[in-house]
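Notes follow the structure.
The values are calculated or read from the model by the stated rules, or taken from the named source; none is laboratory data. In this text, all values refer to a predicted model and were calculated from it rather than measured experimentally. Neighbour counts run over all protein chains shown; Cβ positions are idealised from the backbone, glycine included. Areas reflect the complete protein model, heavy atoms only, side chains present, ligands, DNA and RNA absent. Shrake-Rupley method; radii C 1.70, N 1.55, O 1.52, S 1.80 Å.
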Amino acid sequence: QVQLVESGGGSVQAGGSLRLSCATSGYTLASGYLGWFRQGPGKEREGVASIRRGGGSPTLADSVKGRFIISHDDSKSTLYLQMNNLQPDDTGIYYCAAGLLAIGLTPPLDEESYYYWGQGTQVTVSS
């Protein structure tokens, strides 16, 4: 079974940075979608960033463009989310997710495109 485990969450002040990691195991697809989602208190889960394993440009939500960077390290089987200039609105539980075999070149941000999910890691940004 595919396992995804997030880490790197914590509490920071506005303007600070965090790097989230998602260690994966059992995910052997050479081409698949990998993404980060978040859910703030009282809000629906939303896509933050996604990338297509196998090449291509990442997709970022408008709210995080210019601040967040998604990447993956194949040798470590780890997905990353570098979050810079964090703001209180970024507060929430961040989940990493992996989809099945990717077909389209553009990685999606809708949760319906993902099948495997991690347990989440809390990110709290104080003003």
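If you go through the range 1-39 one residue at a time, how many are part of a strand (DSSP E or B) and either open to solvent by 20 Å² or more (accessible area, probe 1.4 Å) or within 20 Å of Met83 (Cβ to Cβ) (or both)? Step through it out loud before you land on a result.
Filtering the range 1-39 for residues part of a strand (DSSP E or B) gives 3-7, 10-13, 18-25, 32-39.
Now restrict to residues that are either open to solvent by 20 Å² or more (accessible area, probe 1.4 Å) or within 20 Å of Met83 (Cβ to Cβ) (or both): 3-7, 10-13, 18-25, 33-39.
The total comes to 24.
Give the residues of the range 49-68 that are among the hydrophobic types (A, V, I, L, M, F, W, C) and out of contact with any Pro (no Cβ under 8 Å at 6 or more places or on another chain), sorted by residue number.
Filtering the range 49-68 down to residues among the hydrophobic types (A, V, I, L, M, F, W, C) leaves 49, 51, 60-61, 64, 68.
Selection gives Leu60, Ala61, Val64, Phe68.
Quick check on Tyr80: is it touching a His at 6+ places or on another chain (Cβ under 8 Å), open to solvent by less than 70 Å² (accessible area, probe 1.4 Å), in contact (Cβ under 8 Å) with a residue 12 or more places away in the chain and of a type outside the set (Lys, Arg)? Show your work before the answer.
On the way: touching a His at 6+ places or on another chain (Cβ under 8 Å): yes; open to solvent by less than 70 Å² (accessible area, probe 1.4 Å): yes; in contact (Cβ under 8 Å) with a residue 12 or more places away in the chain: yes; of a type outside the set (Lys, Arg): yes.
It is true that Tyr80 is touching a His at 6+ places or on another chain (Cβ under 8 Å), open to solvent by less than 70 Å² (accessible area, probe 1.4 Å), in contact (Cβ under 8 Å) with a residue 12 or more places away in the chain and of a type outside the set (Lys, Arg).
Just name the residue that is farthest from Thr124 (Cα to Cα) out of those in the range 69-106 that are among the hydroxyl-bearing types (Ser, Thr, Tyr) and touching a Pro at 6+ places or on another chain (Cβ under 9 Å).
Within the range 69-106, the subset among the hydroxyl-bearing types (Ser, Thr, Tyr) is 71, 75, 77-78, 80, 91, 94-95, 106.
Filter again for touching a Pro at 6+ places or on another chain (Cβ under 9 Å), leaving 71, 91.
On the way: Ser71: 22, Thr91: 5 Å.
Among those that are among the hydroxyl-bearing types (Ser, Thr, Tyr) and touching a Pro at 6+ places or on another chain (Cβ under 9 Å), it is Ser71.
Could you tell me which residue of the range 23-46 is nearest to Gln1 (Cα to Cα), considering only residues that are touching a residue at least 60 places away in the same chain (Cβ under 8 Å) and of a type in the set (Gly, Ala, Ser)?
Among those that are touching a residue at least 60 places away in the same chain (Cβ under 8 Å) and of a type in the set (Gly, Ala, Ser), it is Gly32.
Applying the selection to the range 47-77, what residues are under 16 Å from Gly8 (Cβ atoms) and touching a residue at least 60 places away in the same chain (Cβ under 8 Å)?
Val48, Ala49
Take the conditions on the phi > 0 side of the Ramachandran plot and either open to solvent by 30 Å² or more (accessible area, probe 1.4 Å) or in contact (Cβ under 8 Å) with a residue 60 or more places away in the chain (or both) and apply them to Gly99. Does it pass?
Values: on the phi > 0 side of the Ramachandran plot: no; either open to solvent by 30 Å² or more (accessible area, probe 1.4 Å) or in contact (Cβ under 8 Å) with a residue 60 or more places away in the chain (or both): yes.
Taking the combined requirement at face value, the residue does not satisfy it.
Do you know which residues across the range 40-62 are in a strand (DSSP E or B) and among the charged types (D, E, K, R)?
To start, the set of residues in the range 40-62 that are in a strand (DSSP E or B) comprises 46-53, 59-60.
Result: Glu46, Arg52, Arg53.
Test Lys65 against the criterion of being under 28 Å from Ser127 (Cβ atoms), open to solvent by 40 Å² or more (accessible area, probe 1.4 Å) and outside any strand (DSSP E or B), and give yes or no. Write out each step before concluding.
Values: under 28 Å from Ser127 (Cβ atoms): yes; open to solvent by 40 Å² or more (accessible area, probe 1.4 Å): yes; outside any strand (DSSP E or B): yes.
Judged against the criteria, Lys65 is a match.
Specify which of the listed residues (Glu44, Glu112) is open to solvent by 80 Å² or more (accessible area, probe 1.4 Å), farther than 26 Å from Gly10 by Cβ and among the charged types (D, E, K, R). Steps first, answer last, please.
Details: Glu44 fails: farther than 26 Å from Gly10 by Cβ.
Answer to the check: Glu112.
If the requirement is being closer than 18 Å to Ala102 by Cβ, at pLDDT 95 or above and aliphatic (A, V, I, L, M), which of these qualifies: Leu86, Leu81, Leu29, Leu34?
Just a single option satisfies the conditions, and that option is Leu34.
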